[in-house]
Structures are given as C-alpha cells and as structure tokens.
Amino acid sequence: MPRPIHATVHLPALQHNLQRCRQAGGAARVWAVLKANAYGHGIERVYAALRGADGLALLDLSEAERLRALGWRGPILLLEGAFEPRDLELCSRLQLWHVLHRSEQIDWLAAHKTEAPQRVFLKLNSGMNRLGLRPEAFRAAWTRLSHLPQVEEIGLMTHFSDADGLRGGQEGVRHQLDTFVRTTHDLPGERSLCNSAALLRHGLALHLGSGPEAQPLAADWTRPGIALYGSAPDFAQHSAADWGLQPSLTLASQLIAVQDVPAGETVGYGSTYTATHAMRIGIVACGYADGYPRHAPGSNAHGGPVLVRGVRTRLVGRVSMDMLAVDLGPVEAHLGSTCKPGDAVTLWGRSGCGALLPIDEVAQAAGTLGYELMCALAARVPVSVEPLP
Ligand SMILES: *Cc1c(COP(=O)(O)O)cnc(C)c1O
C-alpha cells in the first residue's frame with residue numbers, strides 16, 4: 001500500500017466558486033487566475049471546472065501553451081507580460097493578451113513583426129509599487145501604444161495592495177481607485193482592477209468615479225484567484241463560508257501509529273510539548289515534505305487545528321519531515337471509541353463524513369496564508385479529482 005497521504009481537487013467546488021465570483025462582479029467578465037499551476041491544484045486538473053470563465057490569466061508562457069494544448073481557444077492573459085522580446089512571437093502564435101507594465105515592453109512591441117495586432121492591458125502603478133507605469137508616465141505610454149500597428153486594443157489595468165482591509169481608516173482600495181480614475185478617466189478601453197478581495201468586498205459597491213453612469217469597481221474584467229480555490233481573501237474578517245465559497249482542495253491522510261504517553265513525557269523533536277496527563281497521541285503520515293507548514297504550532301499553549309475521523313483536535317509537538325502528532329483525547333471522548341492506525345485524518349478541506357476544516361484556519365495557526373499552503377503542496381502527494389456531476 002502506498003503511504004496513505006493524498007490530496008483531492010474538488011471540481012464541483014471550483015465551478016461553484018467561479019459562479020460566486022461571477023455574481024459578485026455583475027456584468028463584468030471574469031479572468032480566472034490560474035497562475036502558479038492553478039494555485040497548486042494543477043492546470044490540467046482544474047481546467048474542466050474553470051473553462052466556464054471568460055478568460056484565463058497566468059504568468060508563464062509554458063502554462064499558456066498547456067492551456068492551448070488542452071483546447072482552450074478563449075482569451076489568455078499574461079499578467080506579467082513578456083519577459084523578453086521573443087516572447088511576443090509566442091503571444092502572436094498562441095494569440096495571448098499581455099500586460100505592458102514597463103516602457104521596454106512597449107519598445108519590444110513596437111519592434112515586433114506581426115500579422116495580427118495584439119490585445120494588451122497597459123498597467124498603472126496606482127500605489128502598490130510592484131508593477132506598472134507611474135501616473136505621470138501612463139498617458140504618454142498610452143498615446144504611444146495607440147499609434148502602434150502591432151496593437152489591436154488597449155485595456156487599462158491596476159492592482160490593489162490593501163483590498164483585503166482598511167488603510168488609514170478607509171477602505172484599502174480607495175486611494176488607488178482615486179489615482180486610477182484621475183489618470184484614466186477620459187481614456188477609452190476595457191478596465192480591470194479587482195482581485196478576489198476587491199471583487200468580493202467592493203465589486204458592485206464602489207464605483208470608478210461618481211454619478212449615475214459611473215462603472216462599478218468590477219468594471220469590464222475581474223481577476224479572481226484565491227476565491228476560486230475556496231479560500232477567503234480577507235480571512236479572518238470573513239471566512240470562506242461567509243463569502244459562500246467551498247474548499248477546492250483537501251489534504252488527507254491516516255494515523256499510522258498510536259502512542260500512550262504518560263503524564264510528564266514529551267512528544268517529538270525538541271520536546272516542545274509535555275503531556276499534561278496520560279494521553280493518547282496519534283501519529284499522522286504527513287509532514288513538511290508533503291507541504292504541511294513546519295511552523296504550525298504544537299506547544300502546550302497552542303496547537304494547530306486538525307480533524308481525526310471528522311472530529312476537531314490539535315497538533316502536539318513539532319511537525320517533522322514526514323509525520324506530525326495529534327491529541328486523540330477530544331476525538332475519543334466525542335466518538336466514544338478508541339482511535340487506531342488507519343483512522344482518517346483531514347489536514348485541511350473536507351473529511352469523508354463531510355466535516356470541514358478551512359485551509360485558512362490551518363494557515364492562520366501557522367502564521368501564513370491559504371495561498372501559500374495551496375502552492376506548497378508537494379509533488380510527492382498523489383492527487384485525485386472529484387469530477388463534475
Ligand atoms: C495573483 C493576481 C490576481 C489574483 O489575486 P487573488 O488575491 O488570488 O484573487 C489578480 N491580479 C493580478 C495582477 C495578480 O497577480
């Protein structure tokens with residue numbers, strides 16, 4: 001028998017979450033963000049559920065090639081654009097839309113020989129200071145682009161740094177939204193601003209400018225990523241369930257040993273947990289080499305959440321490379337029966353009996369985000385797919 005750890009990608013949940021994101025954007029079209037191999041889920045695995053999007057957005061040209069190989073004929077957007085001039089040849093060949101975020105990319109495009117003009121999004125750095133042209137340079141770049149024969153249509157795009165909360169006492173998108181409107185208000189073209197947090201929190205509530213004709217923040221295209229994968233972009237203010245999102249990834253394993261530990265003895269490397277009474281401890285086939293966060297807590301004061309046979313309990317001691325330890329006390333008390341090797345363990349996601357452990361709660365306990373846990377799922381973990389009905 002193979003080591004019992006495995007992951008499951010839930011296609012019905014992905015499809016449901018896409019629908020939720022669509023609703024949250026009203027008439028806006030949806031770029032489903034599939035970067036980082038679909039947030040660790042696998043592009044080929046999620047494709048059947050996310051092909052209902054209007055476009056697919058990612059970073060890597062090789063990921064774009066994989067989507068075309070799957071038969072996707074709709075729009076593909078390269079969120080970081082070309083990395084070197086010859087990437088534009090692949091953009092022409094695969095009909096990719098691409099982001100222009102610095103002036104050299106416009107130089108490359110101006111020198112690019114193409115039959116069919118390309119669709120681009122010109123990116124404004126509205127305050128995040130990661131990618132994009134500063135407001136002072138944006139309009140001149142737009143004018144230059146508008147004269148290039150290589151360009152079919154120019155979209156306008158920006159990205160928020162604080163969409164998940166407040167900044168200086170007001171909604172974290174406000175200052176960047178104002179900069180975007182000030183810089184672009186009289187330019188034509190489709191607009192795209194919202195990641196998951198901006199979409200769910202403000203997509204239809206805030207507007208680009210004022211007045212009855214002002215467009216909602218969701219604008220022409222939204223760009224949800226994490227929400228598609230069933231994690232709340234603004235956890236712990238809201239949970240995934242608060243937003244009506246369902247977990248798209250389950251990581252599950254089994255107990256491979258049970259230890260009776262007398263009071264006063266310790267558990268695991270570094271002896272960071274001391275048994276407070278005679279305890280039954282389960283050893284789970286899952287460790288940091290599987291992508292479980294090594295910094296998940298297991299001290300006497302604080303233990304990360306885990307489900308055993310669908311019942312919530314806590315980690316004890318340090319996470320090691322291939323194993324972690326859990327307190328079986330609450331499980332046996334709740335079920336009225338003893339645990340044994342082979343019993344089901346849910347590290348995050350949905351247990352066999354339907355109990356949920358949100359990935360966001362596991363991430364928070366370990367001082368990280370659902371994003372990082374999904375992307376860190378290790379290659380050695382076998383993955384199966386829950387198909388669409
Ligand atoms: C990753 C990314 C997104 C999606 O962000 P989420 O927070 O996962 O919704 C949207 N836009 C850009 C430019 C990104 O890089």
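The values are calculated or read from the model by the stated rules, or taken from the named source; none is laboratory data. Note that this is a predicted model, so its numbers are computed, not measured. Here Cβ is always computed from backbone atoms with ideal geometry, including for glycine, and neighbour counts include all displayed protein chains. The protein model used for the area step is the full one, side chains on, heavy atoms only, and it has no ligands, DNA or RNA in it. Shrake-Rupley method; radii C 1.70, N 1.55, O 1.52, S 1.80 Å.
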Residues of region 140-153 being farther than 21 Å from TRP221 by Cα and either open to solvent by less than 20 Å² (accessible area, probe 1.4 Å) or touching a residue at least 24 places away in the same chain (Cβ under 8 Å) (or both), which ones?
-> ALA141, ARG144, LEU148, PRO149, GLN150
Within region 228-246, can one find any residue that is more than 15 Å from TYR371 (Cα to Cα), more than 16 Å from the ligand (Cβ to nearest atom), modelled with pLDDT of 95 or more and over 23 Å from the mean Cα position of the chain (by Cα)?
-> no
Take the residues in region 178-200 that are within 27 Å of TYR371 (Cβ to Cβ) and out of contact with any Leu (no Cβ under 9 Å at 6 or more places or on another chain), then tell me which one is farthest from the ligand (Cβ to nearest atom).
-> ALA197
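Yes/no per residue for (1) open to solvent by less than 10 Å² (accessible area, probe 1.4 Å); (2) modelled with pLDDT of 95 or more:
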residue: PRO2; (1), (2): no, no
residue: ASN17; (1), (2): yes, yes
residue: ALA27; (1), (2): no, yes
residue: GLY40; (1), (2): no, yes
residue: ARG51; (1), (2): no, yes
Test: ALA214 is more than 13 Å from the ligand (Cβ to nearest atom) and among the small types (Gly, Ala, Ser) = yes
Residue check, PHE235 against (1) open to solvent by less than 10 Å² (accessible area, probe 1.4 Å); (2) not assigned by TED's automatic domain parsing to the domain that holds LEU59, all met but one. Which one?
-> (1)
Within region 351-363, can you find the residues that are outside any helix (DSSP H, G or I), open to solvent by 20 Å² or more (accessible area, probe 1.4 Å) and more than 11 Å from ARG309 (Cα to Cα)?
-> LEU356, PRO358
Within the bounds of region 60-80, is there any residue that is hydroxyl-bearing (Ser, Thr, Tyr), assigned by TED's automatic domain parsing to the domain that holds PRO135 and over 18 Å from ILE43 (Cα atoms)?
-> no
Does GLY268 count as buried (at least 18 other Cβ atoms within 10 Å of the Cβ), touching a Lys or Arg at 6+ places or on another chain (Cβ under 9 Å), over 20 Å from ARG3 (Cα atoms) and of a type outside the set (Ser, Thr, Tyr)?
-> yes
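The rows are residues; the columns are (1) open to solvent by less than 10 Å² (accessible area, probe 1.4 Å); (2) of a type in the set (D, E, K, R); (3) in contact (Cβ under 8 Å) with a residue 24 or more places away in the chain.
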| residue | (1), (2), (3) |
| --- | --- |
| GLY169 | no, no, no |
| ARG182 | no, yes, yes |
| SER192 | yes, no, yes |
| PRO247 | no, no, yes |
Go through HIS175, HIS159 for me and flag whichever is more than 16 Å from the ligand (Cβ to nearest atom) and either open to solvent by 10 Å² or more (accessible area, probe 1.4 Å) or touching a Cys at 6+ places or on another chain (Cβ under 8 Å) (or both).
-> HIS175
Considering each residue of region 211-239, count those that are closer than 22 Å to ALA48 by Cα and assigned to a loop (DSSP other than H, G, I, E, B), and give that number.
-> 5
LEU251: surrounded by 24 or more Cβ atoms within 10 Å (Cβ to Cβ), in contact (Cβ under 8 Å) with a residue 12 or more places away in the chain and within 14 Å of the ligand (Cβ to nearest atom), yes or no?
-> no
May I ask you to verify whether GLY81 is within 15 Å of the ligand (Cβ to nearest atom) and buried (at least 24 other Cβ atoms within 10 Å of the Cβ)?
-> yes
